[in-house]
Amino acid sequence: MRILWVGNPPGVGSGYGEQARLFIPRLQKLGHELAVACNYGVQGMCLEAGPVTYYPSDSAWGNKTLATYKDHFGADLIVALCDAWVLKPDEWPDDMEVAVWAPVDHYPLPPMVLATLAHEKVRPIAMSRFGERMMLDAGLQPLYVPHGVDRTLFHPRPETKAAVRAELGVPADAFLVGIVAANAGNPAVIRKAFDKSLLAFSRFAATHEDAWLYGHTQTSPGVAGGISIEALTVAVDAPTARVRFTPPAVWHLGWPTANVSNLYQAFDVLLNPSMGEGFGVPIIEAQACGVPVITSDHSAMSELTQAGWLVDGDPSWDEMQRAWWISPFVDHIVAALDAAYDRRNDQELRQGAAGFAAHYDADIVTDAFWRPAIAALAASREVAPLREGAKV
């Protein structure tokens, strides 16, 4: 089968780029031919890299050029890894169908997301059990394929911890809180809840003089928006001498996935109490490296937090999506940091983290989920009507 993958290409420093890096070669090993319709990362010309053609972005999420790329490649199947609501199936040719591997990080399923996933030209694929449940509640019939992790890179390597910390400028005996998150979006509502995380760390660090924080994120707004993380760090009165961020050159030049896996080895805990996660790749990457996590008890985070702490919060309305996120309680994050501090050397906890994450190994996901999903997508289907009472 010839599969046209739509989304960030391998090499783009994003969760979606990492999933492309993992699964494109694995789908090839299943006997399929792959090409990529890039929605970011390749501009102005086609690129040939080995057996894979990378088609350029049209700056419209593929809505303008997808039919052209499908015909040129002779695709039998199109798989899109992106937000469902950016796709415009009404503008596609009548004979084009797209399987959309869609994140869901709100409850209930946002109307714009449902409008796309319920379209007769779309086959929905959930990437989390939470997303699957929201789709089912809306009357859809999704397939389920979780995101994966490369356990040849992401696995515990405690012998490297001191060396990595030395490179980061962090003391070997510090309690290091890590953040791995994209600084992007509308400044009024940053989904990653940097404000709550940094405020909680500031309060925690005030009573723990050996607490440090390392943030793998851009500290200033980029092309996708964002906020000034450095200004926020000062505003919450965090101990700036004990806070480090990834240098700007990394974002300008890119950072290999292997370097990201090394970074996790330095952490005592990953701090990821987002307002919502479609999946949350760093949550699984950290646990694969034996690092426990702190997340919000909402969306995919609830099912992905096996070794760590879930924090509660208040519902938070997202006017754009007309659905709910969660706004995590700062006091609960502080309490979770205290609990993580008390168990900083708990080897049973760390082994449990790695053992849980092993279920999301990319090879396992390919065989257990992608193989049957592609078989189902290849089969002809009748578009099932939405259940009575469901709304688009």
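Please treat every number below as a calculation from the coordinates, not as lab data. On a predicted model such as this, the values are computed, not experimentally measured, just so you know. With ideal geometry, Cβ positions are generated from the backbone for all residues, glycine too; neighbour counts draw on all protein chains shown.
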Least to most buried among Cys46, Cys38, Cys289, by other C-beta atoms within 10 Å and fewest first, runs Cys46, Cys38, Cys289
How big is region 274-384 in terms of Cα radius of gyration and Dmax, in angstroms? 17.4, 55
Gap in Å between the Cα centre of region 331-377 and the Cα centre of region 257-309? 8
Ellipsoid equivalent to region 158-359 - semi-axes via the Cα gyration tensor, in Å: 23, 20, 17
Run the numbers for Thr152 and Asp338: contour at 0.36 nm per residue of separation, minus the present Cα-Cα distance, in nm. 63.8 nm
Evaluate the Debye formula for region 185-300 with equal point scatterers sitting on the alpha carbons, no solvent, and hand back log10 of I(q)/I(0) at q = 0.14, 0.18 Å⁻¹, in q order, two decimals. -0.62, -1.09
From fewest to most C-beta neighbours within 10 Å, the residues Ile333, Ile227, Ile364, Ile283 line up as Ile364, Ile227, Ile333, Ile283
Here, trypsin sites (Lys or Arg not before Pro) of region 8-89 satisfying both criteria (DSSP loop; at most 15 other Cβ within 10 Å) are Lys64
Taking 0.36 nm per residue of separation and subtracting the Cα-Cα distance, what length does fully extending Leu136 through His72 add? 19.6 nm
When the Debye formula is applied to the Cα atoms of region 1-58, each taken as the same point scatterer, what base-10 log of I(q)/I(0) results at q = 0.19 Å⁻¹? -0.59
Debye calc, one equal point scatterer per Cα of the chain, no solvent, log10 I(q)/I(0) at q = 0.12 1/Å comes to -0.94
Ignoring everything except DSSP H segments at least 4 long, calculate the 222 nm mean residue ellipticity for the chain; use -39,500 (n - 2.57) per segment, divide by total residues, nearest 500. -9000 deg cm²/dmol
Let me know the Rg and Dmax you get for region 1-108 when you use only its Cα atoms, in Å. 13.1, 42
Need one number: nm distance between label points at Ala206 and Ala162, each 7 Å from Cα along Cα→Cβ, rounded to one decimal. 3.5
Loop chymotrypsin sites (Phe, Trp or Tyr not before Pro), region 145-209, which have at most 16 other Cβ atoms in a 10 Å radius of their Cβ (DSSP): none
Longest segment of the chain with no GluC sites (Glu not before Pro) in a DSSP loop having at most 13 other Cβ atoms within 10 Å? 1-119
